[in-house]
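Working notes for the structure below.
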Amino acid sequence: MFPEYREIISKLKNTDLRFQKLFDQHNELDQKIKNIESGIIVNTTETIEVLKKQKLKIKDEIHRILRKASETHLNL
């Protein structure tokens, strides 16, 4: 996810608790979706569509944080 921000992601994961939490939530949702799609998890009350929307919302927030951090970094 966002390879162009690899260095910033690494820094934020170690310094920004909110970013770290969002990043972890995104990865957990991604894994849950993969497990449902592959049949590993069969009984779930959440639909894949709901999970994908949650994941996209988190991804958008992560991207906003990365863009802001990138702009701040470039202005130094």
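The values are calculated or read from the model by the stated rules, or taken from the named source; none is laboratory data. These figures come from a predicted structure and were not determined experimentally. Quick reminder, even Gly has a Cβ in these numbers, built from the backbone with ideal geometry, and neighbours come from all protein chains shown.
Brief remarks follow.
- Close contacts from the range 56-71, counting a first residue that is free of Cβ contacts under 8 Å to residues at least 24 places away in the same chain and a second that is part of a helix (DSSP H, G or I), with Cβ to Cβ under 9 Å and a gap of 6+ residues or different chains, come to 67/5.
- Search result, residues across the range 9-41 that are of a type in the set (A, V, I, L, M), surrounded by 13 or more Cβ atoms within 10 Å (Cβ to Cβ) and either within 9 Å of the chain's Cα centre (by Cα) or not in a helix (DSSP H, G or I) (or both): 22, 29, 41
- Residues located in the range 42-57, provided they are assigned to a loop (DSSP other than H, G, I, E, B) and either modelled with pLDDT under 80 or within 12 Å of the chain's Cα centre (by Cα) (or both): 42, 43, 44, 45, 46
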